[in-house]
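Written below as C-alpha cells is the structure these notes are about.
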Amino acid sequence: MLSRSIGDKTSGRGKLFRFLLPVIFLLLPLFVLLAAKLSDCPHPLAEKDFSCRIYDKDGRLLRLSLTSDQKYRIRVRLAEIPPRAIDAVIEYEDRWFWRHPGVNPFSMLRALSSMLAGGRRLGGSTLTMQVARLSTGLKTDSPVGKLKQIWRAFCLEQHYSKEEILESYFNLAPYGGNVEGIASAARVYFHKDVSQLTEAESEALMLVPQNPVARRPSPGNRRFFEAVRRQWHGNGEYAPLRVFTPADLPFEAPHAAMELLGEMQRAGDDERHATIDARAQQKIETALSRFVARNGAYGLRNAAALLLHWPTMQVRALAGSASFANVGISGQVDGTRARRSPGSTLKPFIYALALEQGLIHPMTLLSDTPRSFSGYDPENFDHTFRGPIAAARALRASRNVPALSLAARLKNPSLYDFLRRAGVEFSSSEAHYGLSLVLGGAEVTLRELAGLYAMLANGGVWRPMMLAREDPDERVIRLLSREAAFVTLSMLEEDGPERQARSRSGATIPLRLKTGTSNGFRDAWTCGIVGPYVLAVWVGNFDNASNPLLVGGQTAAPLFVEMARTIAASEPMDDFFANPGDGVNVEKIPVCAATGDVDISLCGEHVETWFIPGVSPVKPSGVFRVIHVDRKSGLRACMPEAGRTERAVWEFWPSDLAALFAAAGLPKAPPPPFEAGCRGEAAIGNPPRIRQPKHGLTYHASLASGGQTSLVLMAHAEAGVHTLRWFVDGKHVGDTQPGQAMSWRTGAGKHHLLVSDDEGRTSARTVIVESVP
C-alpha cells in the first residue's frame, strides 16, 4: 500500500510537471519581456559623446575632432542615411530585424550548431544584440556575457522603437581602427557626408562591421577590396573605389577651428559652420609661408593675417601664425588674438574724429614742426619735420606731430572713448595712456583693428565680427557719420600702381591701407580695405624679440599688397568707395593748394577736396593776406590810398614754418615793416607761441648748485616779427629773435613768464621750479 501511495504521488507530480512545463515554456518569454519592460534601460547613445565637425562657409569640412574616448564618431539620424545603405545592412546583418523581439533564436541555434560541427563560424547576434554590446562594452565571448547581451537586447526592444535601435547601430557600428558609425566611416574613408554615399560605397561599408580589423578600409588593404569584389560578384560589375584614411582628414584654418572647437565643447554642440572660405584661407596661408621662406634668414619667421568680409562681418580667413605646426615659433598661438602695440595704425581714426568734429577737411593745413606736449617731445619715424602739410598727406605719410596735435583737440569723444566704444579693451585709464595712445601706447588685437577698419567701410557703423554662422551678434553701434567715414577712406587712397590691385573682372581696386611700427621694432602692421574685404597683417615674434626690419611700410605692407592682389584676382569685385553713394552728404569743392583755405580769392593754385557741408571748417588759415605797400618807400601802409599805395597778396608764415621753408631752399620773404604810425594795424595777427619752457612741467633746482637752475626761453612768432622781449615776474630778462633760444637762471618758486613781439602781441605761461637736494 505504501509503495502504491508513493507511486501515485510520483505519477501525480509527473503529470503536473508535464502540464506546467509547456505552460512555463510558453509564459517564460512573456515574463522575460515583462521584466525587461519594467527594468531600467538607458538609451544606447546616452553615454556616448560625438566628434565635433567644423565646416567652411560652403560646407567643406575643416576639422573633425576625436571624442573623449579617442574615436571618430559622428552623430547621424536615421533619416540622413540613404535607404539603400539601410537595406544593405539589414539584408546582410539581420534580415528578420523588423520581426524579432531583440533575439533571433533560429539564428543563434544555427550559429551554435555550426560551431559544434566545426564548420564556418556564423554570427548569431541580431542588430539589437550588437547595439547592446556596443553601447555597454560587454564582453560576449563567455556564456555569462552572452546572457547579459541577450537580456540587454530584450530591454532595448521593450523601451525603444526599431528605428531608434537601428539608428543607434548606425552610430556605434565599428568600421575599423577608431572609426565608429556609418557617418564617420563615410567622412573618413570617402570624404563625404553619409547622405552622399553611392550604392557601391554603401555596399562596401556594409561588409566592415563583421570583421573591422581585417576589413578596415584603406588603399593597401587587400582583404577589404577582396570582400568588396566578392560582394559585387553576384550583384553586377565591380566598381573601383577610392578610399582614404584618417590621416587624410583635413585640418584647415587650424587657429579658427581650434577656437570654435573649444566653444563647441563648452556648449555641448557637435557641429558648426564657420564663415571661413577655404580657398581664401589657403591663399592667405600660402602667402605667409612664402613670406617666411623669403625672409626667415633675416629673422622674420612669424606673421599673422585676418581677412574680414566687411558687408557681412564674417571672417573669411584667419591665420594666427605663419605655421600652426612650427613649435619653434609657438605656431599654435593665435596671433590675431594677441594684444600688441599697433604703432600708427590707429591714426585714421584720429583724422576721422577730426573730420566729424569739424576740425579739418582733407586739405586743411597742419603743422609738422617740433612741439612739446606736457614734456613729451615726439619725433617722426624719419627724424625730420616737413613743416606745413595737408591733413590727407599727413595721414598717408604717418606724421606724428600733426596726429598728436589733432588728438589733443578731440572732444566728445576723445580717441580713447571712441576706441573703447568700438570694442577695444584697455587695461588702464585714459589718463594713463595720454597722447601715447596715438602712437601705439596701448595694445590692441589684430581682430580689434580689423573691426575698426570695417567700421569705416560700413559707413561709420561698428558691428562685431562673426566666425561661425551659429553665433550671430546683432549689436550695431554708430561711431562716425557716413560722411566722416567716407572722407577718411578717401584720405587713405594713394595714386600709383603700387597701391592698387586688379580684380578678376578687370576692375582697378585701390588699396586703402595704413601701416604701423611699434616702439622698439617689435611689431610691423598693415591694415586696409580691398574691395569687400578688410585685410589685417601683423609681422613679429611671439617672444617679443625686436628686429630692425620690423617696420610696417617695409615688411608688413609688401605682404599685405601681395595678399590683397591674390584675393582680388580670384574673384570679381568693384571699388565700393569711388563715389560717396546715396545719402552721404559730401561734395567736392576747390580749396587753396598751399593752405587748404576754402576762400580761394587770394590763392593762385587750387585743388579739389571732399567737404562736409555744415561741418568742415571754413575759417581761413591767415597765411594769404592783402597788404598795402607804399610805392615809394616799400613800407607797409596803414590804409590804402589811391595813387600812393598798391595792393599786394603776401604769405604770412609763422617763424617755425618759415625756417623749415628756408631749410628746404624755399625761403619765404617776410612782409615789409609798417610805416610810422601804424601801431593798431600792426597788432593784427597771431601772438608769439612759447616753445620753451614746456607747458605742464615742473622744473627742479638743486640745492647742491645753490638752489638755482637754468631754463631755456624760446618762442616762435608771426611773419614779419623781428624781436621778442621776455619778462619774468614783471622784470625784463632779455630779447631774442623768433626761434632763437636764450638761457634764464632762476631759483625755486612760481614764476610768471611773458613774451611780447615788436607789435605788442603777447603770450604768457606759468613756470614752477621746485628745490631738490
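Bear in mind that the values in this text are calculations on the coordinates, not laboratory data. Note that the structure is a prediction, hence the values are computed from the model and not measured. All Cβ positions, glycine included, derive from the backbone under ideal geometry; neighbour counts span all protein chains shown.
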In bins 5 Å wide, starting from 0, what share of all Cα pairs of region 339-378 does each bin hold, as a percent? 6, 17, 17, 23, 26, 10, 2
Below 27 Å, Cα to Cα, which lysines can Lys514 reach? Residues fewer than 8 away in the same chain don't count. Lys283, Lys347, Lys411, Lys588
Pairing the Cα long axis of helix 347-356 with the longest principal axis of the chain, what angle in degrees results, from 0 to 90 and rounded to the nearest 10? 70 degrees
Phi-based couplings in Hz for region 127-139 (Karplus 6.51, -1.76, 1.60; Gly and Pro marked x): 4, 5, 5, 5, 5, 4, 6, 5, 7, 10, x, 4, 8
With charges only on Cβ, +1 for K and R and -1 for D and E, what is the dipole size of region 501-625 about its Cα centre, in debye, rounded to 20? 200 debye
Among Pro388, Val461, Leu435, pick out the residue whose Cα is farthest towards the positive end of the charge dipole of region 354-492, where Lys and Arg carry +1 and Asp and Glu carry -1 on C-beta, about the Cα centre. Pro388
Relative to the longest principal axis of the chain, what angle (0 to 90°, nearest 10) does the C-alpha long axis of helix 446-457 take? 70 degrees
What FRET efficiency would be calculated for the residue pair Asn380, Ser505, taking the C-beta separation as r and a Förster radius of 35 Å, to the nearest 0.05? 0.30
Packing-based order for 149-155, 94-100, using average beta carbon neighbours within 10 Å, highest first: 149-155, 94-100
Which of the peptides 291-299, 248-256 is most tightly packed, and how do the rest follow, judged by the mean count of other Cβ atoms within 10 Å per residue? 248-256, 291-299
Quotient of C-alpha Rg and 2.2 N^0.38 Å, computed over region 143-241: 1.23
Could you list, by residue number, the cysteines of the chain that have no other cysteine's beta carbon within less than 4.7 Å of their beta carbon? Cys52, Cys527
Amide hydrogen neighbours beyond the local backbone of His700, cut-off 5 Å, H modeled: Glu770
Net charge over other residues, Cβ less than 15 angstrom from the Cβ of Val728 (K, R count +1; D, E count -1): +3
By average Cβ neighbour count within 10 Å, what is the ranking of 414-426, 396-408 from highest down? 396-408, 414-426
For region 174-316: rounded, prolate or oblate by the Cα gyration tensor [a/c cutoff 1.5]: prolate
Quick one: dipole size for the chain, taken about the Cα centre, charges +1 on Lys/Arg Cβ and -1 on Asp/Glu Cβ, in debye to the nearest 20. 2880 debye
Rg in Å to one decimal, and Dmax rounded to a whole Å, for region 528-654 via C-alpha atoms: 25.2, 77
How far, in degrees from 0 to 90, does helix 222-233 lean away from the longest principal axis of the Cα atoms of the chain, to the nearest 10? 60 degrees
Taking only C-alpha pairs under 8 Å that are 6+ residues apart, what is the relative contact order of region 464-538 in percent? 17 percent
Between the residues Val315, Val424, Tyr189, the Cα farthest towards the positive end of the dipole of the chain, that dipole coming from +1 and -1 charges on the beta-carbon of Lys, Arg, Asp and Glu, is from Tyr189
Residues whose modelled amide H sits under 5 Å from the amide H of Ala390, counting only those 5 or more places away in sequence or on another chain, are Leu366
Between rounded, prolate and oblate, where does region 637-698 land on the alpha carbon gyration tensor, with a ≥ b ≥ c its root eigenvalues, rounded for a/c under 1.5, else prolate if a/b exceeds b/c? oblate
So which aspartates and glutamates can Lys71 reach, going by Cα to Cα under 17 Å and dropping same-chain residues fewer than 8 places off? Glu47, Asp49, Glu180, Asp248, Asp269, Asp270, Glu271
Selection from Val769, Leu241, Leu365, by position along the positive dipole direction of the chain (Cβ): Leu241
Under the Karplus curve 6.51 cos²θ - 1.76 cosθ + 1.60, θ = phi - 60°, whole-Hz ³J(HN,Hα) for region 755-767, x wherever Gly or Pro sits: 10, 10, 8, 6, 10, x, 7, 10, 9, 9, 7, 8, 10
Prolate/oblate/rounded call for the chain, Cα gyration tensor, a/c under 1.5 rounded: prolate
With an 8 Å Cα cut-off and a minimum separation of 6 or more residues, compute the relative contact order for the chain in percent. 9 percent
Mind checking the dipole of region 363-494: about its Cα centre, +1 per Lys or Arg Cβ, -1 per Asp or Glu Cβ, Debye to the nearest 20? 400 debye
Just to check I understand the Karplus step: with θ = phi - 60° and J = 6.51 cos²θ - 1.76 cosθ + 1.60, what whole-Hz values come out for region 416-424, glycine and proline as x? 4, 5, 4, 5, 5, 5, 8, x, 6
Quick one: check the C-alpha center-to-center distance for region 132-168 versus region 304-369, whole angstrom. 58 Å
Where Lys and Arg each count +1 and Asp and Glu each count -1, what net charge lies around Tyr92 among other residues with Cβ under 15 Å from its Cβ? -3
If you add up the charges near Phe652, with Lys and Arg at +1 and Asp and Glu at -1, over every other residue whose beta carbon is less than 11 angstrom from its beta carbon, what do you get? 0
Equivalent ellipsoid semi-axes for region 358-461, as square roots of 5 times the alpha carbon gyration tensor eigenvalues: give them largest first, rounded to whole Å. 23, 18, 13
